[in-house]
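For reference, the structure discussed in these notes is given below.
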Amino acid sequence: MKETPLSNCERRFLLRAIAEKKRLDGRQTYDYRNIKISFGTDYGCCIVELGKTRVLGQVSCELVSPKLNRATEGILFFNLELSQMAAPAFEPGRQSDLLVKLNRLLERCLRNSKCIDTESLCVVAGEKVWQIRVDLHLLNHDGNIIDAASIAAIVALCHFRRPDVSVQGDEVTLYTPEERDPVPLSIHHMPICVSFAFFQQGTYLLVDPNEREEHVMDGLLVIAMNKHREICTIQSSGGIMLLKDQVLRCSKIAGVKVAEITELIQKALENDQKVRKEGGKFGFAESIANQRITAFKMEKAPIDTSDVEEKAEEIIAEAEPPSEVVSKPVLWTPGTAQIGEGVENSWGDLEDSEKEDEDEGGSDEAIILDSIKMDTGVDISDIGSQDAPIVLSDSEEEEMIILEPDKNPKKIRTHTISAKQEKAPSKKPVKKRKKKRAAN
């Protein structure tokens with residue numbers, strides 16, 4: 001894990017704030033961040049939010065062969081994953097020292113404390129037992145991963161239901177949830193980790209440190225305890241020397257915090273079970289607050305439509321009658337018209353590109369018509385339409401002649417100067433020379 005170190009200015013600022021008993025998020029010294037627990041649609045799936053630190057817990061099970069030295073006990077397996085989605089500092093694909101330390105601490109807290117009755121997971125002694133696997137995924141890292149992970153693990157285990165089985169002789173029958181109701185795990189107690197951060201060689205103490213406070217702390221003390229004030233495991237890291245009074249003081253604070261968190265977990269489990277029995281909606285989507293933009297639904301507000309017609313008639317009666325003046329069309333250019341007064345109509349205006357295309361097209365048409373006239377001697381006025389003006393142009397001379405029809409249509413003969421006619425005068429002196437030569 002490659003952490004981004006804080007600058008000296010940030011370190012001095014944080015240490016000075018801690019010395020003055022002030023925290024960046026406004027908490028007091030012994031305050032925990034807000035804890036939110038939400039459950040998925042399947043049993044054994046939950047998300048725990050400790051402030052901005054989020055952990056996803058998922059429990060699964062399968063029938064396997066037991067260990068040789070524990071033939072009548074089930075198997076518990078815990079796995080915590082730190083991905084780059086939670087923080088860019090986490091390196092994927094390798095076991096960092098932090099990850100190994102967190103996994104070992106979770107195993108000591110949950111498996112070695114015997115919080116789950118592993119003997120109840122035995123189906124056939126020496127042949128078939130249940131293997132319970134707890135996968136924890138860190139979704140967002142904002143400090144104190146171990147506390148959020150321990151809460152997510154115990155909540156997922158309490159919420160999980162394994163399929164029911166029956167044994168008849170050597171046959172083991174596994175029932176689906178539709179055939180038989182799933183069976184919850186047998187849990188004796190709920191151990192929860194509480195972290196304490198020490199600063200300036202144990203002079204100052206903070207509960208539930210966030211990410212920035214973890215960068216400047218000198219040592220960390222983690223105490224795993226249940227609501228009966230039984231210490232399940234304790235671990236100190238950082239290389240600082242703690243006095244006996246400091247450890248006892250931390251254990252008393254941990255007892256109070258664990259009791260509060262345990263009560264919160266039990267209420268969340270009861271509410272979820274109540275919603276499932278009543279047939280209500282449950283899952284991660286339903287846990288999103290409706291006030292957020294990312295909500296999938298909004299509450300419908302009732303609207304009274306009993307007097308809609310009366311209100312509509314009143315609005316129509318109070319409104320001003322429409323004007324009787326009918327606007328007359330205004331002719332701006334041939335082929336275009338505008339109704340009413342205001343901004344001029346831009347339909348008749350052509351863009352530069354369209355004008356260039358029409359000019360090129362018109363010149364091509366003029367050359368074709370000119371060639372037809374010289375070859376056949378047909379009048380152009382007879383070919384064109386009597387109503388629309390005819391535009392003829394020569395691409396070589398760039399001259400244009402517009403013919404507009406009169407009221408009394410007459411045959412109009414047009415003459416255009418073409419490149420052939422320009423070359424014609426040069427032939428006359430040649431004929432004269434031929435006559436002179438003949439006379440001689």
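Results, tabulated for the structure shown:
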| quantity | calculated |
| --- | --- |
| Inter-label distance for VAL247 and LEU24, nm, one decimal - labels placed 7 Å from Cα along Cα-to-Cβ | 3.2 |
| Two-site label geometry, ALA259 and GLU171: point separation in nm, points 7 Å out along Cα→Cβ | 5.4 |
| Accessible area of segment 35-284 divided out per residue, in Å², using a probe of 1.4 angstrom | 49 |
| Net charge of Cβ neighbours under 12 Å - reference ARG229; Lys, Arg +1; Asp, Glu -1 | +2 |
| Listed residue pairs exceeding 29 Å between alpha carbons, taken from LYS21/LYS52; LYS114/LYS244; LYS114/LYS252; LYS36/LYS101; LYS257/LYS300; LYS252/LYS277 | LYS257/LYS300; LYS252/LYS277 |
| Pairwise label distance in nanometres, LYS267 with LYS281, each label 7 Å out on the Cα-Cβ vector | 2.4 |
| Trypsin sites (Lys or Arg not before Pro) restricted to segment 94-130 and DSSP loop, no more than 11 other C-beta within 10 Å | ARG94 |
| Dipole axis of segment 35-284 (+1 Lys, Arg; -1 Asp, Glu on Cβ), positive-most option in MET241, PRO163, VAL100 | MET241 |
| In segment 100-151, the GluC sites (Glu not before Pro) that fall in loop regions by DSSP, at most 16 other Cβ within 10 Å | GLU127 |
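The values are calculated or read from the model by the stated rules, or taken from the named source; none is laboratory data. Keep in mind that this is a model prediction, so the values were computed, not measured. Don't worry about glycine lacking a Cβ; one is built from the backbone with ideal geometry, like all the others, and counts go over all protein chains shown. Quick note on the areas: whole protein, heavy atoms, side chains included, nothing else; ligands and nucleic acids left out. Shrake-Rupley method; radii C 1.70, N 1.55, O 1.52, S 1.80 Å.
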